[in-house]
Amino acid sequence: MSPVIRISDATFTRLQQWATPLTDTVDDALNKVLDAAADGTSRLPDAVAPVAYRPKVEAKESMKTIKAHPDETYYPLILEALHQLGGSGTKSQVTKRIGSILEGELTPDDRTMVSSGEERWENRVAWARNFLKEQGLIQSGSQRGVWELTGLGHDLARSRNWPKSWRAKQ
């Protein structure tokens, strides 16, 4: 039987930066920390090392759209927009910033209206925000309509150490 170890929420949040979301267990993340300490690097593993981020545009069924899994395109953009806004902002403020970044890359398909009454890309941003909230990067108890970074979200946005799965494919 494995021993039970209790850690504070703050320690768990710090440990999450060593984990690949939806892949690593707590044990995996702890092993990454211990491996880094053992070889004296004390830095994040290559799997989460910083890279220049730029969404890739690919052809898809005779229409261009952003990435094969579009929500991943928006994760770092949301975190960076909130960081630039001082840690919190309204959905409108965040989508406006992201829209200006992607202006030349949004396609007619991205701009089609969906049933919610917003453009497809804006709807994808909202879904991406939900994922970031589930990952503990965006506050879950913020005022309605306000998106707010957690401490971990601030740290990730500041460091730009995006998980490998978020990076644009070269």
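The values are calculated or read from the model by the stated rules, or taken from the named source; none is laboratory data. The shown structure was predicted, so the numbers you read here are calculated from the model rather than taken from an experiment. FYI the Cβ positions are ideal-geometry reconstructions off the backbone, even for glycines, and counts take in every protein chain you see. Ligands, DNA and RNA are excluded from the accessible area calculation, which covers all protein heavy atoms including side chains. Shrake-Rupley method; radii C 1.70, N 1.55, O 1.52, S 1.80 Å.
Just checking, does segment 150-160 include any residue being modelled with pLDDT under 90, assigned to a loop (DSSP other than H, G, I, E, B) and open to solvent by 30 Å² or more (accessible area, probe 1.4 Å)? Yes, some residue in segment 150-160 is modelled with pLDDT under 90, assigned to a loop (DSSP other than H, G, I, E, B) and open to solvent by 30 Å² or more (accessible area, probe 1.4 Å). Taking SER165 and the conditions (1) over 21 Å from GLY99 (Cα atoms); (2) of a type outside the set (Asp, Glu); (3) open to solvent by 70 Å² or more (accessible area, probe 1.4 Å), which numbered condition does it fall short on, given that it satisfies the others? Here SER165 meets the rest and fails (3). Picking from residues in segment 138-149 that are among the polar types (S, T, N, Q) and modelled with pLDDT under 90, the one that is surrounded by the most Cβ atoms within 10 Å (Cβ to Cβ) is SER142. Can you find a residue in segment 64-85 that is assigned to a loop (DSSP other than H, G, I, E, B), surrounded by 10 or more Cβ atoms within 10 Å (Cβ to Cβ) and modelled with pLDDT of 70 or more? For segment 64-85, residues assigned to a loop (DSSP other than H, G, I, E, B), surrounded by 10 or more Cβ atoms within 10 Å (Cβ to Cβ) and modelled with pLDDT of 70 or more: present.
Of the candidates ARG120, ARG129, the single residue that is at pLDDT 90 or above and among the charged types (D, E, K, R) is ARG129. Taking first residues from segment 10-25 that are within 15 Å of PHE131 (Cβ to Cβ) and partners that are among the polar types (S, T, N, Q) and at pLDDT 75 or above, the Cβ contacts under 7 Å between residues at least 6 apart in sequence or on separate chains come to PRO21/GLN135.
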